[in-house]
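Taking it in order: structure first as structure tokens, then the write-up.
What follows draws every value from the coordinates through simple rules; no lab data is involved. Just so you know, these numbers come straight off a predicted model, no measurement behind them. Heads up, the Cβs are rebuilt from the backbone with ideal geometry, glycines too, and the neighbour counts pull from every protein chain shown.
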Protein chains: 2
Amino acid sequence: MSSIVVKDNMLTTHRKQQILALLKSQGQVVAKDVSRQMGVSEDTIRRDLRELAQEGLLQRVHGGALPSSPAIADFAGRERLTPDGKSAIGRAAALMVQPGQVVILDGGTTARQLARHLPADLRATIVTHSPTIAIELIHHPEIEVILIGGRLFKHSVVAMGAAALESIANIRADTFFMGVTGVHPRAGLTTGDFEEAAIKRALSHAAAETFVLASSEKLNAASPYSVVPLAEISGIITESSTDPALTEPFEKLRIPVIRA
Amino acid sequence: MSSIVVKDNMLTTHRKQQILALLKSQGQVVAKDVSRQMGVSEDTIRRDLRELAQEGLLQRVHGGALPSSPAIADFAGRERLTPDGKSAIGRAAALMVQPGQVVILDGGTTARQLARHLPADLRATIVTHSPTIAIELIHHPEIEVILIGGRLFKHSVVAMGAAALESIANIRADTFFMGVTGVHPRAGLTTGDFEEAAIKRALSHAAAETFVLASSEKLNAASPYSVVPLAEISGIITESSTDPALTEPFEKLRIPVIRA
DNA sequence: ATTTATCGTGCAATTTCGTGCAATGTCAAG
DNA sequence: CTTGACATTGCACGAAATTGCACGATAAAT
């Protein structure tokens with residue numbers, strides 16, 4: 001008897017990843033089979049399939065699911081899902097990077113999503129003050145990584161301080177993808193640490209264009225420290241499911257809003 | 001009974017490192033399980049997971065956490081125990097660091113061992129051009145980490161280039177712990193990459209004392225590019241099992257050899 | 001056309017989350 | 001030694017997420 005159900009803890013995100021892995025190796029998945037194999041009800045698997053289809057990672061069919069496209073199948077195998085599907089922002093932003101460009105990446109989870117979704121054949125230069133993002137990009141075959149040094153801020157694991165500001169002053173980049181804790185029509189871009197705000201401001205000024213990566217809960221929120229006013233940014237990238245009422249104040253100010 | 005809870009002083013930093021180690025070895029961590037295993041409440045584990053996620057070292061999901069990316073998991077987790085004597089070398093070198101000192105750490109596996117063995121209550125400043133070592137030290141409660149930036153050399157994952165050299169020029173440290181590929185009585189300290197040699201040379205000149213971390217197979221070996229002559233270093237640290245015949249040429253040159 | 005399998009939704013039970021709060025421990029200044 | 005500021009931890013409680021089941025709708029199959 002080979003199919004003894006191993007009934008141990010399985011995190012829900014991990015289950016979805018395994019479904020994607022199954023899909024990649026077998027070319028299709030059947031809801032009933034998967035449910036038995038993973039020891040959960042069919043309803044749960046169906047919900048997973050629905051959500052994965054919503055993210056475009058597979059294609060629903062009666063009885064189970066198929067890869068959404070052959071190209072995605074490879075990609076989806078190594079995809080690391082975010083609990084809420086916010087990788088769409090990173091994916092969309094990654095597609096904005098043109099070959100040969102010099103791009104500054106902020107620290108934070110959203111920028112990490114961006115790094116993860118850079119096409120494998122994209123030749124570009126990524127500048128970052130986040131050692132974790134730098135390491136993330138180490139295995140990319142074509143990307144050149146410039147690490148900004150400085151005193152390491154333990155809370156968010158990014159380089160800060162005078163040394164970092166000095167290094168940034170020597171950089172002229174095409175685009176800066178910034179993460180913030182608040183994007184507010186009047187307060188502009190804000191964050192929760194004073195020195196961090198200064199770094200983000202310097203990075204923004206070092207790039208010709210600045211785009212803000214902001215999931216919906218960041219919109220119309222404000223934190224204590226101001227980074228730059230809204231007028232200085234080229235656009236806001238948010239997820240497609242964001243309520244239009246949340247983006248409307250920014251569109252009224254003629255700030256382009258890109259929905260991923 | 002295997003699950004005897006080891007109820008000794010568990011510094012919060014060590015707990016986080018253990019969580020990362022678990023995550024690396026198991027591919028996932030479940031909050032409830034970890035809390036039982038470590039003898040603290042689930043709330044505490046959840047707090048740890050939140051903070052680690054904030055630092056980008058793992059990815060929070062309902063019920064526990066997953067690696068933030070395969071690359072980070074490789075570096076952030078404690079790896080298999082000491083394949084060789086490098087751990088002992090690192091431990092011995094770590095004990096040489098005095099409170100309040102400013103110490104430069106080279107890249108490479110031996111230096112990483114050193115970073116791991118720094119006493120939990122040691123207050124000091126560590127300067128490094130290796131993002132992996134920087135991340136390793138992030139959870140140390142007392143260590144201040146200065147990261148040297150620059151173009152990231154993909155092979156050994158350290159910052160190099162003009163920017164790195166410039167940053168180093170501004171540093172005056174007490175000790176530099178250097179890793180090399182060869183320590184030879186006549187050729188001196190050598191390594192396999194030209195630019196890397198320049199960086200090591202600069203780091204060495206930025207410190208009052210330089211110690212070489214060299215496992216036995218590095219002794220009496222030489223690589224193409226010279227870093228500094230033997231006369232400029234304060235000592236060689238090697239494992240205790242090293243054949244005395246290998247160290248004898250250096251002792252004859254009055255270079256102190258420390259056996260770990 | 002009828003039968004069977006699959007699907008989607010509402011709903012309730014359970015688990016997990018996040019925050020406020022109090023108790024304890026640490027450390028440094030007085 | 002004492003005191004007070006601060007960090008860490010555990011507990012309580014309301015909020016949110018996950019899951020399985022019931023039931024009507026839909027799609028496939030004979």
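Here the residues A:104, B:89, A:171, ranked from fewest to most Cβ neighbours within 10 Å of their Cβ, fall in the order A:171, A:104, B:89. Cross-link reach is defined here as a Cα-Cα straight distance under 17 Å, omitting same-chain residues fewer than 8 places apart; for residue A:200 the lysines meeting it are A:154, A:218. Put in line by how crowded their Cβ is, counting other Cβ atoms within 10 Å and starting with the fewest, B:153, B:176 read B:153, B:176. By the gyration tensor of its Cα atoms, with a ≥ b ≥ c the square roots of the eigenvalues, what is the shape of the stretch A:12-78: rounded for a/c under 1.5, prolate for a/b over b/c, or oblate? Because a/c hits 1.5 or more and a/b exceeds b/c, the stretch A:12-78 counts as prolate. Note on the stretch A:15-167: antiparallel DSSP beta bridges, both residues inside, total approximately 55 percent of the bridges counted. Using a ≥ b ≥ c from the Cα gyration tensor of the stretch A:161-222 (square roots of the eigenvalues), is it rounded, prolate or oblate, where a/c under 1.5 gives rounded and otherwise the larger of a/b and b/c decides, a/b for prolate? Verdict is oblate for the stretch A:161-222.
Here the stretch B:86-259 carries DSSP beta bridges of which approximately 25% are antiparallel, counting only pairs with both residues inside. Using a Gaussian network model of chain A in which every pair of alpha carbons under 10 angstrom is joined by a spring, one finds that among A:228, A:30, A:183 the greatest mean-square fluctuation is at A:30. Contact order, relative form, for chain A: 13 percent (alpha carbon pairs under 8 Å, 6 or more residues apart, mean separation divided by residue count). Among beta bridges from DSSP that stay inside the stretch A:176-228, the antiparallel ones total about 50%.
Neighbours of residue A:255, meaning other residues whose beta-carbon lies under 12 angstrom from its beta-carbon, give a summed charge of -1 when Lys and Arg score +1 and Asp and Glu score -1. Peptide B:18-31 is shielded by partner chain Cβ atoms: per residue, an average of 1 of them sit within 10 Å of its Cβ.
Please state the shape class of the stretch B:86-259: rounded when a/c is under 1.5, otherwise prolate if a/b exceeds b/c and oblate if not, all from the C-alpha gyration tensor. The shape class here is oblate. Across the stretch A:12-78, Cα pairs under 8 Å and at least six residues apart give a relative contact order of 36 percent.
Shown here for the stretch B:180-260: trypsin sites (Lys or Arg not before Pro) in loop regions (DSSP other than H, G, I, E, B) with at most 11 other Cβ atoms within 10 Å, namely B:186, B:254.
Under a 10 Å cutoff between Cα atoms, tell me which one of A:125, A:110, A:238 has the largest fluctuation in the Gaussian network model of chain A. Looking only at A:125, A:110, A:238, the largest GNM fluctuation is found for A:125. Take each residue in B:54-60, count the other chain C-beta atoms within 10 Å of its C-beta, and the mean is 6. Please list, or write none, the aspartates and glutamates whose alpha carbon is within less than 19 Å of the alpha carbon of residue B:32, excluding same-chain residues fewer than 8 places away. Candidates past the 8-residue exclusion: A:8, B:42, B:43, B:48, B:51. With helices as the sole contributors, chain A gives -11000 deg cm²/dmol at 222 nm; each DSSP H run of n ≥ 4 counts as -39500 (n - 2.57), and the sum is divided by every residue.
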